[in-house]
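> Pasting in a structure now, in structure tokens, and then I'll have a few things to ask.
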Amino acid sequence: MSGADRGTMSGADRGTLSGVHHEILSRAHSGAPNGKQRPRPILPGATIGVLGSGQLGRMFAIAARRMGYRVHTLSPDNDTPTGQVADQEIVAAYDDLDAIRQFARNVAVVTFEFENVPAPTAEAAEQSAPVRPAGRVLHITQHRLREKTFLSEAGFPVTPFAAVRSIPELNAAIDKLGCPAVLKTAGWGYDGKGQFKMTSAGQAEEAWRAVSSHESVLEAFVDFGCEISVVGVRSSDGTTVTYPAIENSHRRHILDLSCCPARIPDQTARRAAEITRNVLHSLDCVGVLCVEFFVTRDGGLVINELAPRPHNSGHLTIDACVTCQFEQQLRAICDLPLGSTELLRPAAAMANLLGDLWGEREPDWEAACALDDVKLHLYGKLQARPGRKMGHLTALAATPDAALARVEQARRALGDGTGV
Ligand code: AMP
């Protein structure tokens with residue numbers, strides 16, 4: 001399921017196994033596909049710039065510093081999860097383009113830790129340093145309509161959808177797609193924010209209000225068997241690697257639990273990996289990209305969405321894999337050879353720790369650490385709020401079921417904040 005390939009997609013059908021035309025080559029890093037050579041790498045000692053300062057930047061900075069790089073982070077906030085572990089924390093608004101240019105002049109390469117970095121910000125940074133993935137990849141993936149249009153035009157399997165910019169367009173979209181359906185804002189949505197599930201056409205006005213009358217996408221509701229994600233990585237010479245598929249479950253639209261490998265047939269997992277590599281190639285993406293899929297009840301795959309960065313579900317790779325997703329981001333953007341994505345144990349699971357766990361009392365860290373095969377990760381956020389991602393737990397085990405049971409046991413041991 002995990003593996004490396006080189007070269008671009010050549011299959012006419014990018015979404016099916018019959019499109020397996022690209023070579024799955026060995027991990028030896030000699031030569032380069034399509035005549036592309038990997039440029040001279042940015043070596044340890046250099047400084048990496050991270051736009052954004054949340055937990056993804058923090059885990060990236062930890063991986064980068066472990067390998068001897070320096071890290072600068074820029075965001076509008078102070079004492080941030082990333083800033084706490086970076087060499088320099090620059091506090092500036094993303095639309096302060098002078099600050100962005102100055103930031104980029106002091107680093108060897110710029111990356112980002114959330115995809116909602118405004119396009120002019122990425123462009124300003126690109127004037128002084130390479131930005132990876134490129135601003136163009138951000139531009140597509142930070143807008144659902146652009147992303148879905150790109151994917152469907154490139155032949156990838158996506159949920160049936162229609163653009164909605166007004167109530168008459170919403171009614172036309174309902175006629176086309178039927179109900180149930182999900183209305184989602186086109187831009188700036190994450191973790192289920194700006195979404196409304198419609199069960200009848202009569203809810204059009206309510207749904208339109210729920211997305212604040214903003215440009216949206218209506219998607220057919222997928223009666224999925226499970227949700228999976230595949231984290232893929234691509235270097236500038238076209239080499240790609242993928243992690244084994246991860247199975248995800250959500251609570252209140254926020255990722256709750258992940259396990260790896262996903263409990264799906266091997267053939268489905270191989271196909272999801274192939275689609276992920278092809279999406280990376282189609283976007284000419286250098287860096288990490290996660291593809292979220294719905295696995296339909298008949299075993300089909302449809303892409304829900306893309307994230308051009310390490311993904312919450314991939315946090316388990318820190319403890320579970322030879323090379324974690326954050327180190328891969330570093331390797332890819334620095335033109336270093338990519339690392340192995342192999343699991344160290346047969347299975348792993350991750351449980352998110354949301355702010356809801358913090359009540360009158362801190363969670364019982366000691367009780368969770370008493371499970372000696374469970375790893376605790378906290379993001380250094382200064383305030384716990386319901387629904388806010390504060391940390392995660394990872395467990396390794398012989399099977400995905402055993403890993404899930406263990407990580408849930410550890411999370412229960414933290415208590416519910418009441419101290420009883
Ligand atoms: P999103 O923010 O688009 O990833 O949506 C968050 C979650 O809502 C997904 O992980 C699914 O559990 C659910 N969801 C979103 N879109 C659909 C859909 N078209 N059909 C069924 N469930 C969906």
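Read-outs throughout are calculated quantities, based only on the coordinates presented, and are distinct from any laboratory measurement. Bear in mind that the values here come from a model prediction, so they are computed numbers and not experimental data. Using ideal geometry, Cβ is built from the backbone for each residue, glycine included, and neighbour counts are taken over all protein chains shown.
> Provide Asp364, Asp237, Asp98 in ascending order of the number of other Cβ atoms located within 10 Å of each residue's Cβ, fewest first.
Lowest to highest Cβ neighbour count: Asp98, Asp364, Asp237.
> Name the residue farthest towards the positive end of the dipole of the chain from the options Ala405, Cys179, Ala129, assuming +1 on Cβ of Lys and Arg, -1 on Cβ of Asp and Glu, about the Cα centre.
It is Ala129.
> Evaluate Rg over Rh across segment 45-134, taking Cα atoms for both radii and Kirkwood's formula for Rh.
For segment 45-134, the value is 0.92.
> Take the chain, drop everything but the C-alpha atoms, weight them equally and run the Debye formula without solvent; then report log10 I(q)/I(0) at 0.06, 0.11 Å⁻¹ to two decimals.
Reported log10 I(q)/I(0), two decimals: -0.24, -0.85.
> Right, something else. Rounding to the nearest 20 debye, state how big the charge dipole of segment 160-220 is about its Cα centre with +1 on each Lys and Arg Cβ and -1 on each Asp and Glu Cβ.
Here the size comes out at about 80 debye.
> Let me ask something else about it. I'd like to know which of Phe196, Gly232, Ala210 lies farthest towards the positive end of the charge dipole of segment 161-271, counting +1 on Cβ of Lys and Arg and -1 on Cβ of Asp and Glu.
Selected residue: Gly232.
> Regarding segment 201-302, what whole-number volume in Å³ per residue does the convex hull of its Cα atoms give?
Dividing the Cα hull volume of segment 201-302 by its residue count gives 133 Å³.
> Something else now. What is the magnitude of the charge dipole of the chain about its Cα centre, with +1 placed on the Cβ of each Lys and Arg, -1 on the Cβ of each Asp and Glu, and no other charges, expressed in debye to the nearest 20?
I would put it at about 660 debye.
> Give the Rg/Rh ratio for segment 88-204, taking Rg as the radius of gyration of the Cα atoms and Rh as the Kirkwood radius, to two decimals.
1.11
> If you don't mind, another one. Please identify every one of the GluC sites (Glu not before Pro) in segment 140-176 that sits in a loop by DSSP and has no more than 15 other beta carbons within 10 Å of its own beta carbon.
none
> Per 0.36 nm of contour for each residue apart, how much would the distance between Cys179 and Ser166 grow if the chain were fully extended, relative to their Cα-Cα spacing?
In short, 2.9 nm is gained.
> In segment 163-239, which trypsin sites (Lys or Arg not before Pro) fall in coil by DSSP and have 15 or fewer other Cβ atoms within 10 Å?
Arg165, Lys193
> Now, a different point. Can you give the extra length, in nm with one decimal, that the chain gains between Ser152 and Val322 once fully stretched, where that is 0.36 nm per residue apart less the Cα-Cα distance?
57.8 nm
> Per residue and in Å³, how big is the convex hull formed by the alpha-carbon atoms of segment 160-220?
Dividing the Cα hull volume of segment 160-220 by its residues yields 65 Å³.
> Okay, moving on. Would you mind checking Lys148/Lys197; Lys197/Lys375; Lys184/Lys381 for any pair whose Cα atoms are more than 24 angstrom apart?
Table pairs above 24 Å Cα-Cα are Lys197/Lys375; Lys184/Lys381.
> Rounded to a whole number, what is D in µm²/s for segment 325-370 from Stokes-Einstein with the Kirkwood radius over alpha-carbon pairs (25 °C, 0.890 mPa s)?
In µm²/s, the coefficient rounds to 171.
> Within the P(r) computed for segment 269-420, what percentage of the Cα pairs occupies the region above 26 Å?
Tail of the P(r) past 26 Å holds 36 percent of the pairs.
> Can you compute the charge dipole magnitude of segment 92-186 about its Cα centre, using +1 on each Lys and Arg Cβ and -1 on each Asp and Glu Cβ, nothing else charged? Give it in debye, rounded to the nearest 20.
Dipole of segment 92-186, to the nearest 20 debye: 220 debye.
> Please list, short to long, the whole-number percent of alpha-carbon pairs of segment 336-420 in consecutive 5 angstrom bins beginning at zero.
For segment 336-420, the binned pair fractions read 3, 15, 23, 21, 16, 11, 7, 3, 1, 0, 0 percent.
> Please identify every one of the chymotrypsin sites (Phe, Trp or Tyr not before Pro) in segment 318-420 that sits in a loop by DSSP and has no more than 15 other beta carbons within 10 Å of its own beta carbon.
Answer in residue order: no site qualifies.
> Given a Förster distance of 51 Å, report the FRET efficiency between Arg252 and Glu123 from their Cβ-Cβ distance, rounded to the nearest 0.05.
E between Arg252 and Glu123, to the nearest 0.05, is 0.90.
> So what is the 222 nm mean residue ellipticity for the chain from helices alone, if each DSSP H run of at least 4 adds -39500 (n - 2.57) and you divide by all residues, rounding to the nearest 500 deg cm²/dmol?
-8000 deg cm²/dmol
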